[in-house]
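I have placed the structure first, in the form of structure tokens, so that the comments after it can refer back to it.
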Amino acid sequence: MEKVKVLIIGSGPAGYTAAIYASRAALSPVLYEGPEAGGQLTSTTLIENFPGFAEGVDANELMAAMRAQAVNLGADVRSGIITKADLSKRPFKIVIEDGSELLAETVIIATGASAKYLGLPSESKFKGMGVSACATCDGFFYRKKVVAVVGGGDTACSEAVYLSTLCNKVYMIVRRDEFRASKATQQQVFDRENIEILWNCNTLEVLGDENGVNGVRLYHNKEDREFELPIDGFFLAIGHHPNVELVKEWIELDENGYIKTKGASSLTNVEGVFAAGDVQDPRYRQAITAAGSGCKAALDAEKFLISQK
Ligand code: NDP
């Protein structure tokens, strides 16, 4: 069976940075990209706050560059999904979706987080038919149309601004009477004439027919009234949940389901298993902090392997 010193699960900034560092430490890391190669950033457009890019950088280009850097330094980057990880004893037995297996001396979990949905039956019914959790992936299909974005955080505001450049009209459905987003991002929303903010509103039902979404039924929680809006697209931007399904049997999680790491390190409760990026970070969740924690995980894995010699 194939044996690897460092197995990295996930291909966002955390995974690739871990691969870059582990490669430079001559640990011949193997990285599995998982279901969303490049991670969450690939569903956004311009990144203005990743250091080193005076004019900002396209998110997909940034991820492609991180991947290329890892590969050039010797990382074995593989497409594919890991379906099982037995973290009960070392070396850890890992099963890939094609049924193949490998043994890993250390594992770096960098599986990130995924978009949350409201959980309405009508929302699942129209998923892919007008309901989307990624404006930058699907916005293109709604050019000159009317869409709604649910949420009041940085993601919702950025996605609403992005959609407002494509669509005739963008509604924001915000459950409170204020945004959670940073002031700068809020201002971008306020500056767009074709964004209308529906404060204190909750979604009751996504409406549609065999052609997909054609409206939404909302509840105004201050005025205690229901109303309907005709829309063509319904975008969720209400946050994310950490992707821990693969490892939650073995790895200690916090009350919100994020992997617990020890102090400022990437160490988990299982010796030889490290966590990096959004899967262990409910607080900062930035590309740059994820990259930094990928670096820490690779250094921690290296130190651990040296201690085992
Ligand atoms: P957040 O958790 O920050 O915001 C989620 C938003 O969705 C909140 O407005 C929340 O409302 C609302 N919400 C949550 N659940 C529901 C629900 N069931 N129904 C209606 N509304 C709901 O998530 P984001 O994805 O926006 O951001 C995550 C992190 O990533 C943040 O730290 C953010 O700063 C960061 N980020 C940074 C960016 C950047 O720097 N360029 C870009 C995008 C994100 P409420 O406020 O009432 O809880």
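The values are calculated or read from the model by the stated rules, or taken from the named source; none is laboratory data. These numbers were taken from a predicted model, which means no experiment stands behind them. Cβ placement follows ideal geometry from the backbone for every residue including glycine, while neighbour counts extend to all protein chains displayed.
Looking at (1) under 20 Å from Gly239 (Cβ atoms); (2) away from the ligand (no atom under 16 Å from the Cβ); (3) assigned to a strand (DSSP E or B), find the lone condition where Thr111 falls short.
For Thr111, the exception is condition (3).
Kindly indicate whether Ile251 is surrounded by fewer than 17 Cβ atoms within 10 Å (Cβ to Cβ), closer than 20 Å to Arg90 by Cβ and among the aliphatic types (A, V, I, L, M). First the steps, then the outcome.
Details: surrounded by fewer than 17 Cβ atoms within 10 Å (Cβ to Cβ): no; closer than 20 Å to Arg90 by Cβ: yes; among the aliphatic types (A, V, I, L, M): yes.
Answer is no for this residue.
Within the stretch 134-157, which residues are near the ligand (Cβ under 9 Å from one of its atoms) and either surrounded by fewer than 22 Cβ atoms within 10 Å (Cβ to Cβ) or part of a strand (DSSP E or B) (or both)?
First, the residues of the stretch 134-157 that are near the ligand (Cβ under 9 Å from one of its atoms): 150-157.
Matches in the stretch 134-157: Val150, Gly153, Asp154.
Filter the stretch 174-184 down to the residues that are more than 7 Å from the ligand (Cβ to nearest atom) and closer than 18 Å to Ala148 by Cβ and list them by number.
Narrowing the stretch 174-184 to residues more than 7 Å from the ligand (Cβ to nearest atom): 177-178, 183-184.
Selection gives Asp177 alone.
Step by step: first the residues of the stretch 115-133, then only those that are closer than 19 Å to Pro230 by Cβ and not in a loop (DSSP other than H, G, I, E, B), then the one that is farthest from the ligand (Cβ to nearest atom). Which residue is that? Full working, then the answer.
Here is the first cut: in the stretch 115-133, the residues closer than 19 Å to Pro230 by Cβ are 120, 122-123, 125-126, 129-132.
Still in the running and not in a loop (DSSP other than H, G, I, E, B): 122-123, 125, 131-132.
Values: Ser122: 14, Glu123: 11, Lys125: 18, Val131: 14, Ser132: 14 Å.
Within the stretch 115-133, the match that is farthest from the ligand (Cβ to nearest atom) is Lys125.
Within the stretch 163-184, is there a residue that is polar (S, T, N, Q) and in contact with a Ser or Thr (Cβ under 9 Å, 6 or more places away or on another chain)?
Initial filter on the stretch 163-184 (polar (S, T, N, Q)): 164-165, 168, 182.
Okay, now just the ones that are also in contact with a Ser or Thr (Cβ under 9 Å, 6 or more places away or on another chain), so none.
Taking every residue of the stretch 163-184 in turn, none turns out to be polar (S, T, N, Q) and in contact with a Ser or Thr (Cβ under 9 Å, 6 or more places away or on another chain).
Being among the basic types (Lys, Arg) and under 17 Å from the mean Cα position of the chain (by Cα) narrows it down to one of Lys116, Lys127, Lys144, so name that one. Before you say what the answer is, go through the steps one by one.
Working: Lys127 fails: under 17 Å from the mean Cα position of the chain (by Cα); Lys144 fails: under 17 Å from the mean Cα position of the chain (by Cα).
The conditions single out Lys116.
Val216 - would you say it is modelled with pLDDT of 95 or more and more than 30 Å from Lys5 (Cα to Cα)? Show your work before the answer.
Numbers: modelled with pLDDT of 95 or more: yes; more than 30 Å from Lys5 (Cα to Cα): yes.
Against the criterion (modelled with pLDDT of 95 or more and more than 30 Å from Lys5 (Cα to Cα)), Val216 qualifies.
Just one of (1) in the same structural domain as Ala110 (by TED's automatic domain parsing); (2) within 16 Å of the ligand (Cβ to nearest atom); (3) modelled with pLDDT of 95 or more; (4) of a type in the set (Lys, Arg) trips up Arg285, so point out which.
Exception for Arg285: condition (3).
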